[in-house]
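In what follows, a single structure is set out as structure tokens and then discussed.
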Amino acid sequence: MKARVLFSGGKDSSLSALFLEPFFDVELVTCTFSLAPVAEIAAEVAAKLGLKHTAIEMDMAVLDEALQMILGDGYPRNAINHVHLKALEKVASLSPGYVIADGIRRDDIAPRLDQSNLRSIEDRFGVSCVSPLVGYGRAAVNDLVNQHLVIKEDLSDRLDKADYETELRQLIKDRCGDEKIGEIFPEHIQSRVISRK
């Protein structure tokens, strides 16, 4: 069986791929709007994990919609959820019969989708949606990461990564200026995988 894992190059999506690897032919998939070099960053991490990688170009209208959400809300959660839903739909539309996976943990706020969204994707595109880490909290994920991956962690704006936030930040910078990024995104730590152990 084949599984495509939405891949940011971070610890959660990487660990999800490792969970699936014994049971599936795993391919890592990065959705990009080509505003930042996220596909290249993700491909580099995928190579270090020894897994296949594909970049899929997303419609810029999705990111424009997310920008309007962010500007209206004043925070990124709904926009990131929107982009994640559209990314899952895009990958599912190209992958009938596949398992489509992400790196969502039990305690994640964004991205986060409800069961009706996932069932809708499964029904419309003939795929199975799984979140291998959804039963795991941050502490359990960190313990597993420490056993299986070498990672780099830093503040989100200082770390080269391949997630939705990277291109959302770039769009905000391009259209609204650097100051707006600081108003919208809280300071937080993210990860990038360096290698397997």
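The values are calculated or read from the model by the stated rules, or taken from the named source; none is laboratory data. Being a predicted model, the structure only gives us computed values, none of them experimental. Note that each Cβ is placed from the backbone with ideal geometry, even for glycine, and that neighbours are counted across all protein chains shown. We work out accessible area using only protein heavy atoms, side chains counted, and drop any ligands, DNA or RNA first. Shrake-Rupley method; radii C 1.70, N 1.55, O 1.52, S 1.80 Å.
All other residues whose Cβ lies under 12 angstrom from that of Asn78 are scored, Lys and Arg at +1 and Asp and Glu at -1, for a net of 0. Residues of the range 87-103 with an amide N closer than 11 Å to a point placed 7 Å from the Cα of Glu65 along the Cα-to-Cβ direction: 87, 89-90.
Peptides 22-29, 9-16 ranked from most to least packed by the mean count of surrounding Cβ atoms within 10 Å: 9-16, 22-29. Over all other residues within a Cβ to Cβ distance under 13 Å of Ala3, the charged ones net out to -1, with Lys and Arg as +1 and Asp and Glu as -1. Each listed q (0.10, 0.11, 0.16 Å⁻¹) maps to a log10 I(q)/I(0) for the chain, found by the Debye formula over equal Cα scatterers with no solvent: -0.37, -0.46, -1.02. For Leu28, nonlocal amide neighbours, meaning residues 5 or more places apart or on other chains whose placed amide H falls under 5 Å from its own, are Val5, Lys52, His53, Thr54. Taking a sphere under 15 Å around the Cβ of Glu89 and counting the other residues whose Cβ falls inside, with K and R at +1 and D and E at -1, yields a net charge of -2.
Probing with 1.4 Å while keeping every protein chain in the model, the per residue accessible area of the chain equals 47 Å². Within the accessible surface of the range 99-197, defined with a 1.4 Å probe on protein heavy atoms only, the carbon and sulfur portion equals 44 percent. Working note: 222 nm ellipticity from helices only, DSSP H runs with n ≥ 4, each -39,500 (n - 2.57), summed and divided by the residues of the chain, gives -15000 deg cm²/dmol to the nearest 500.
For a quick check: with amide H placed at 1.01 Å from N, whose amide H comes under 5 Å from Phe33's, ignoring anything fewer than 5 positions away on the same chain? Close amide H contacts, sequence-distant or interchain: Met58. The stretch between Glu153 and Arg77 holds 25.3 nm of extra length on full extension. This uses 0.36 nm per residue minus the Cα-Cα distance. Under 5 Å between amide hydrogens, built in the peptide plane, is the criterion, and for Leu149 it picks out Lys197 among residues at least 5 positions away or on other chains.
Across the range 30-46, coupling constants 3J(HN,Hα) worked out from phi with the 6.51/-1.76/1.60 Karplus curve, θ = phi - 60°, read 10, 8, 9, 10, 6, 8, 9, x, 5, 5, 5, 4, 5, 4, 5, 5, 4 Hz, and Gly and Pro carry x. Nearest 20 debye, what's the magnitude of the dipole of the range 13-140 about its Cα centre given +1 on Lys and Arg Cβ and -1 on Asp and Glu Cβ? The calculated dipole for the range 13-140 is roughly 320 debye. Per-peptide packing, taken as the mean over residues of other Cβ atoms within 10 Å, places 51-63, 93-105 in the sequence 93-105, 51-63 from highest down. The mean sequence separation of alpha-carbon pairs under 8 Å and at least six residues apart, normalised by the residue count of the chain, gives a relative contact order of 28 percent.
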